[in-house]
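I have placed the structure first, in the form of structure tokens, so that the comments after it can refer back to it.
The values are calculated or read from the model by the stated rules, or taken from the named source; none is laboratory data. Quick caveat: nothing in here was measured; it's all calculated off a predicted structure. So basically every Cβ, Gly included, is an ideal-geometry build from the backbone, and we count neighbours across all protein chains shown. Surface areas here come from the heavy atoms of the whole protein model, side chains and all, with no ligands, DNA or RNA. Shrake-Rupley method; radii C 1.70, N 1.55, O 1.52, S 1.80 Å.
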Amino acid sequence: MAVDCRASKFYHQIMPGCVSIANSPFKTMTLRIIPRSWQRSIKTLFPLLFALSFIIVLLANNLIPAIAQQPRQEIRGVWMTTNDKDILRDRRKLGDAVSQLKRLNFNTIYPVVWNSGYAMYPSYVAQQRDIQPFVYRGLDGQDMIADLIDKAHRQGLLVIPWFEFGFMAPPTSELATLHPEWLTQKQDGSQTSNDAGGEVVWLNPFHPEVQQFITELVLEITTQYNADGIQFDDHMSLPSEFGYDDYTVALYTKETKKSPPKDFQNPAWVQWRANKITAFMSQLNQAVKAVKPQAIFSISPNYYDFAYKHHLQDWLAWVRLDIADELIVQVYRPNLESFVDKINRPEMQEAQQKIPTGVGIMTGLRNNPVPIQQIKSQVQAVQGYGLGVAFFYYESLWEYAPEPLAHRLSQFSAFFPSSAFRTALQIPRRAATFPPPAPPKPDPKAKPEQPIKNTAPSPSPTT
């Protein structure tokens, strides 16, 4: 819309103190609305302003590439497990532990919040479903996770709650006994396997009610605490011999027009189940980011070949689909050659180019202490590949150790001689989507496989 400035009240107010440009050369146009009394000062300052503008442009041109080329965050973390519960319960001990980690230049703590079918925090979701008749609290009645987050944030450390057991639960837990329809099984109808946690059953990751329950727990943790994210480990998966329950068999048959193969490691059958888990993780990622966009969606699986073939956990797809914001691959091996082989793999290098990537190192168990020399050689190998590190677990850093405490602490102080600040704001946010691929069309020439009958497990031989 054109406006006649000469006809406006504003024009008659300002023009007497300004330079007319109606018949002036072009060089005076820049001074058309500057009062005459200011012109002399501007002419004096003009060289200084020009120099300042040049410096600002020069700095901006150099700053943008510097920001783009920032090194990815170095993960320096430690898991706090159920074995660390005494530390989590005692405010003084917890404060000392966080201060110690800060002095040693750690920057991330992964406290357990879900283990053995129970929430390790006051969970309304668990209590509402009658799967938890008790509440974990500290010696002073405090919420242990909230207390840890407060103490860690005061020291500048990130806290990423660790959803440890994933789809796994003890067969005697309320979760397993109250919801038998949520459990999956092997071809012979048996429902248990032996894991590091002993004999366990597996929730069916393809069942919508299981997915809803897990989502409710994860969102409860995400919204209830001022944490920096959420982490899922190698148990957010399913052993490949499982998936022969009635619900999954019916779903696979509906989508593929054939029964599941008897060979549980059949590539197509493995991929179908892995894709289903990937689709759920994508949905879970979106649910978390919807309520807390800055949350770090962390994953801590086993090395890829094992994770995919034996646990249907296609974490490389999770990285490629931007589901994961950080990756820590568990490599709990005493042999250095085998350890290096697992961290020097193409999928590790690919992940490292996209997101903060680290390696989980075993620092000992109560009945199996790890010597500091083994830990040191593994840390050096990891750092040589430009990877971060997370230690399993806190108390075994120096409590359950074959060396004296002072020597152990001196070695850990040498691992990270300077600080490496982390913040969730440094991690790019993602919007992950993964619609499962369409099932393959049935081969008209192929003979249909016989339906698998779910029978009771045969008795195990006794020794």
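Taking a ≥ b ≥ c as the square roots of the Cα gyration tensor eigenvalues, with a/c under 1.5 meaning rounded and otherwise prolate when a/b beats b/c, else oblate, which class fits segment 258-415?
Values: a/c = 2.22, a/b = 1.70, b/c = 1.31.
Prolate, since a/c reaches 1.5 and a/b exceeds b/c.
Could you sort 142-151, 110-119, 328-337 so that the peptide with the highest average Cβ count within 10 Å comes first and the rest follow in order?
On the way: 142-151: 20.2, 110-119: 23.5, 328-337: 16.8.
Most protected by this proxy first, the peptides run 110-119, 142-151, 328-337.
Please list the non-local residues whose amide H lies under 5 Å from the amide H of N115, H modeled 1.01 Å from N, same-chain partners needing a gap of 5 or more.
M120, F165
What is the calculated FRET efficiency for R137 to D195, with r their C-beta to C-beta distance and R₀ = 35 Å, to the nearest 0.05? Walk me through the numbers before you get to the answer.
Numbers: r = 28 Å, r/R0 = 0.79.
Once rounded, the FRET efficiency stands at 0.80.
In segment 232-364, with Lys and Arg counted as +1 and Asp and Glu as -1 at Cβ, which of these residues, N302, A274, S259, has the Cα nearest the positive end of the dipole, that is, farthest along it?
S259
Calculate the spin-label point distance for D188 paired with A420, positioning each point 7 Å from the Cα along the beta-carbon direction, and give it in nanometres.
The answer from the label model is 4.6 nm.
On the full set of protein chains, 1.4 Å probe, figure out the accessible area of Y252 and give it in Å² to the nearest 10.
10
Which of the pairs K186/K354; K102/K292; K254/K354 have their Cα atoms more than 32 Å apart in this structure?
Numbers: K186/K354 37 Å; K102/K292 26 Å; K254/K354 37 Å.
Over 32 Å apart, Cα to Cα: K186/K354; K254/K354.
With every protein chain kept in the model, how would you rank E255, E199 by accessible area, 1.4 Å probe, largest at the top? Let's see the in-between values first.
Values: E255 55, E199 105 Å².
Greatest to least solvent exposure: E199, E255.
For the residue pair N344 and R366, what label-to-label distance in nm results when each label sits 7 Å from Cα along the Cα-to-beta-carbon direction?
Taking the two extended label points, one gets 3.8 nm.
At a probe size of 1.4 Å, how large is the accessible area of K257, to the nearest 10 Å²?
140
Consider a paramagnetic label point 7 Å from the Cα of K262 along Cα→Cβ; state which residues of segment 233-248 have an amide N under 18 Å from it.
241-245
Within 10 Å, count the other beta carbons around each residue, average over each peptide in 202-214, 88-100, and list them highest first.
Values: 202-214: 19.2, 88-100: 17.2.
Those peptides, ordered most packed to least, come out 202-214, 88-100.
In straight Cα distance, which aspartates and glutamates are under 19 Å from K257, not counting same-chain residues fewer than 8 positions off?
List returned: D245, D246, D443, E449.
Quick check on segment 176-268: take the gyration tensor over C-alpha atoms, sort the square-rooted eigenvalues as a ≥ b ≥ c, and tell me if it's rounded (a/c under 1.5), prolate or oblate. Display every interim value, and only then the final one.
Values: a/c = 2.05, a/b = 1.70, b/c = 1.20.
Prolate, since a/c reaches 1.5 and a/b exceeds b/c.
Subtracting the Cα-Cα distance from 0.36 nm times the residue separation, let me have the gained length for Q286 to S377 in nm, one decimal. Intermediate results must be reported in sequence, preceding the final value.
Values: separation 91, 0.36 × 91 = 32.76 nm, distance 3.87 nm.
Value of the extension gain: 28.9 nm.
Taking square-rooted eigenvalues a ≥ b ≥ c of the alpha carbon gyration tensor, is segment 346-430 rounded, prolate or oblate, where a/c under 1.5 means rounded and, failing that, a/b exceeding b/c means prolate?
Values: a/c = 2.16, a/b = 1.91, b/c = 1.13.
Cα axes put segment 346-430 in the prolate bin.
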